[in-house]
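The structure under discussion appears below in the form of structure tokens.
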Amino acid sequence: MSDVLPAGQPDLVSIAVGIERTNELLQRVLAEVATTPSTHAIFVDAGYVYAAAGRLVAGTEDRRAFELDAEGLIEAFIDKARTIFPDSRLLRVYWFDGARRRIHTAEQQSIAELPDVKVRLGNLNANNQQKGVDSLIRSDLESLARHRAIGDAVLIGGDEDLVSAVEAAQGYGARVHLWGIEAVEGRNQAEPLLWEVDSQRTFDLDFCKPYVTRRATGYELNGEPVPAGPAPSRDEVRFIGAQIAAQWLSARGRETLAELLPGHPYLPGSVDQELLIDAEGLLRLSLRAHADLRRALRDGFWEHLQAQY
């Protein structure tokens, strides 16, 4: 019997080899997809956060009447997302705010310097109303979803204009999770926005209270007002952070604090607030209005902790 195939008959051996190679390629692709971690991003409408948190905690939406610990709140959001998406990595936090002529304020500059945070600015008009922020949110959210850079998007806001951003991201396969701040009465998020998202979560007064402080001239310690004095230097506060870390190591044990190391440079919200309260007691000064000093406090805490392991 001849081994020569009739003209036009396909080479079965070549076909089999081709199929085997294709199967190997598919297996590699599937293996790579299976080992690639999912990614999430957090989109914060700062105007909504200031208004809702200020109203809930301080009884006013006027930014001039209270201090918002934006750094601590961002870390709390990151920590919460880490527990909700345990198998996902954070791409970054997008902080959308308004500024006159889109020039960063000192506070916005300090937020922009935080790790894993991107500040995006819209305009602020004569009535202190944000303009262009919703379009920035839609642009970033849609772009990341379209390029498959994220699988989950956390959206913290309440404006109905954000519905189009949600729909655009979902059209590319991303899941959008709406987070909000408890309203004093009624709702502070548009119903159409609530209808469109994949999940909802609301933060209550207990969650928000540590991050909002009414502006004051002094600091209360054990219920007694302490006159405001000159702010300490960064080195002094860094030393306080290391001192507290040493005290905690002695009181709580190495194993307990070692559990914090994988989260560097972030501390769980409850731990961060405890560190802040201890430091203010030692300094007899409120650090709520000093983002740079709070950062120095955490730096000193981490430096001492890491030196012990």
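Pairs linking a residue in segment 167-189 that is free of Cβ contacts under 8 Å to residues at least 40 places away in the same chain and farther than 19 Å from Ala81 by Cα to a residue that is of a type in the set (Gly, Ala, Ser) and crowded, with 16+ Cβ neighbours inside 10 Å, with Cβ atoms under 6 Å and 6 or more positions apart or on different chains, are Tyr172/Ala145; Gln189/Gly158; Gln189/Gly180.
Within segment 78-98, is even one residue out of contact with any Asp or Glu (no Cβ under 7 Å at 6 or more places or on another chain), among the hydroxyl-bearing types (Ser, Thr, Tyr) and over 25 Å from Asp206 (Cα atoms)?
Within segment 78-98 (the criterion being out of contact with any Asp or Glu (no Cβ under 7 Å at 6 or more places or on another chain), among the hydroxyl-bearing types (Ser, Thr, Tyr) and over 25 Å from Asp206 (Cα atoms)), the answer is no, since none of the residues qualifies.
Picking from residues in segment 252-307 that are free of Cβ contacts under 8 Å to residues at least 60 places away in the same chain and outside any helix (DSSP H, G or I), the one that is nearest to the chain's Cα centre (by Cα) is His264.
The strands (runs of 3 or more DSSP E) located wholly in segment 69-186 that include 3 or more residues which are modelled with pLDDT under 95 and not small (Gly, Ala, Ser) occupy 88-99, 117-124. Check segment 52-67 and report whether any residue there is modelled with pLDDT under 95, β-branched (Val, Ile, Thr) and either more than 23 Å from Phe203 (Cα to Cα) or not in a helix (DSSP H, G or I) (or both). Within segment 52-67 (the criterion being modelled with pLDDT under 95, β-branched (Val, Ile, Thr) and either more than 23 Å from Phe203 (Cα to Cα) or not in a helix (DSSP H, G or I) (or both)), the answer is yes, since at least one residue qualifies. Residues that are touching a residue at least 24 places away in the same chain (Cβ under 8 Å), among the charged types (D, E, K, R) and more than 22 Å from Pro210 (Cα to Cα) within segment 66-113 comprise Asp87, Arg89, Arg92, Arg100, listed in sequence order. Yes or no: Asp159 among the charged types (D, E, K, R), buried (at least 19 other Cβ atoms within 10 Å of the Cβ) and in the same structural domain as Phe43 (by TED's automatic domain parsing)? When the stated conditions are applied, Asp159 does not pass them. Here the condition is being over 29 Å from Gly263 (Cα atoms), of a type in the set (A, V, I, L, M) and not assigned by TED's automatic domain parsing to the domain that holds Leu136; of Leu56, Leu25, it holds for Leu25 alone.
The values are calculated or read from the model by the stated rules, or taken from the named source; none is laboratory data. Fair warning: this is a prediction, and the values are worked out from it, not measured in the lab. FYI the Cβ positions are ideal-geometry reconstructions off the backbone, even for glycines, and counts take in every protein chain you see.
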